[in-house]
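Read the figures in this text as sums done on the coordinates, not as results from a lab. Keep in mind the model is a prediction, meaning the values are calculated, not measured. Cβ: placed from backbone, ideal geometry, glycine included. Neighbour counts: every protein chain shown.
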Amino acid sequence: MPINPIFNPEGDDAIETRSIWFGNTTNLMQLNDVRYSWAVGLYQQMRENFWIPQRLDVTQDVTDYWNLTPEERYAYDGILSYLTFLDSVQTCNIPHLKSSVTAPEISLCLAEQISQEALHNQSYQYIIETVIPPERRNAVYDFWRTDKVLANRCEFIAKLYQKYIDHPTTENYFIALLADYLLEGLYFYNGLENWCSPLAS
């Protein structure tokens, strides 16, 4: 799978020859005229769709945490750890996927995703450091690898990413893209929905 050169003065950024992958980009972020207009709308939506952890009052969550049953706390800790891992691995993986994207408007979306994955990770860590008692925090950070079910899930998705990094073929690239879709559309969505349930009930 070709990776974009950083400096490519012989590249062609014309709209009619622009492609998501396999283009000949100069890496100029020329966004006044784009081929994939949906990416501009997506980018704008992404910029409005995040929260900053320090602006969130989690005082009630601290109280609610201790009102959970031991089983609910176990689930809460595990899912929080799981979400922390998922966004951590995304922060590391997306740059590898982005390095072969040649349409600047789509590259911009991926750059925003990298930023937001890091911000989400910071948000989960803020919750761990605020809601979880100090003596339990290290166990929560490590839960994703000490719990067999979570460890298997994390290993499955990470191995698909690693396969592309170790063997950067076109096939492995698109498998990694599908794995990214699986992580965001199933793993993350399911984890977030279940994590919010105990405190909401």
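A compact table of results
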quantity: Cα-based convex hull volume of the chain per residue, rounded to whole Å³; calculated: 134
quantity: R0 of 30 Å, Cβ-Cβ distance Ser99-Thr59: FRET efficiency to nearest 0.05; calculated: 0.10
quantity: J(HN,Hα) series, the range 83-97, from Karplus relation 6.51 cos²θ - 1.76 cosθ + 1.60, nearest Hz, glycine and proline x; calculated: 5, 4, 5, 4, 6, 5, 5, 5, 4, 7, 7, 4, x, 5, 5
quantity: Amide proton proximity set for Thr102, modelled H, under 5 Å, gap of 5+; calculated: Trp21, Phe22, Gly23
quantity: For the chain, calculated [θ]222 nm from helices alone, where every DSSP H run of n ≥ 4 adds -39500 (n - 2.57); calculated: -22500 deg cm²/dmol
quantity: Ranked by how many other beta carbons lie within 10 Å on average, peptides 79-90, 109-120, 23-34, 4-15 from highest; calculated: 79-90, 109-120, 23-34, 4-15
quantity: Length released on extending from Thr69 to Arg47, taking residue separation times 0.36 nm less the Cα-Cα span; calculated: 4.2 nm
quantity: Angle in degrees between helix 134-146 and the longest Cα principal axis of the chain, rounded to the nearest 10; calculated: 50
quantity: Degrees, to the nearest 10: 189-200 long Cα axis against longest axis of the chain; calculated: 30
quantity: The range 58-200, relative contact order in percent, only Cα pairs under 8 angstrom and at least six apart counted; calculated: 37
quantity: Dipole magnitude of the chain, debye to nearest 20 (Cβ charges: Lys/Arg +1, Asp/Glu -1, about Cα centre); calculated: 280
quantity: Cα long-axis angle, helix 104-131 against the chain (0 to 90 degrees, to the nearest 10); calculated: 10
quantity: Charge context of Ala14, other residues only, Cβ under 15 angstrom, K/R +1, D/E -1; calculated: -4
quantity: Selection from Ile114, Ser81, Leu177, by position along the positive dipole direction of the range 47-185 (Cβ); calculated: Leu177
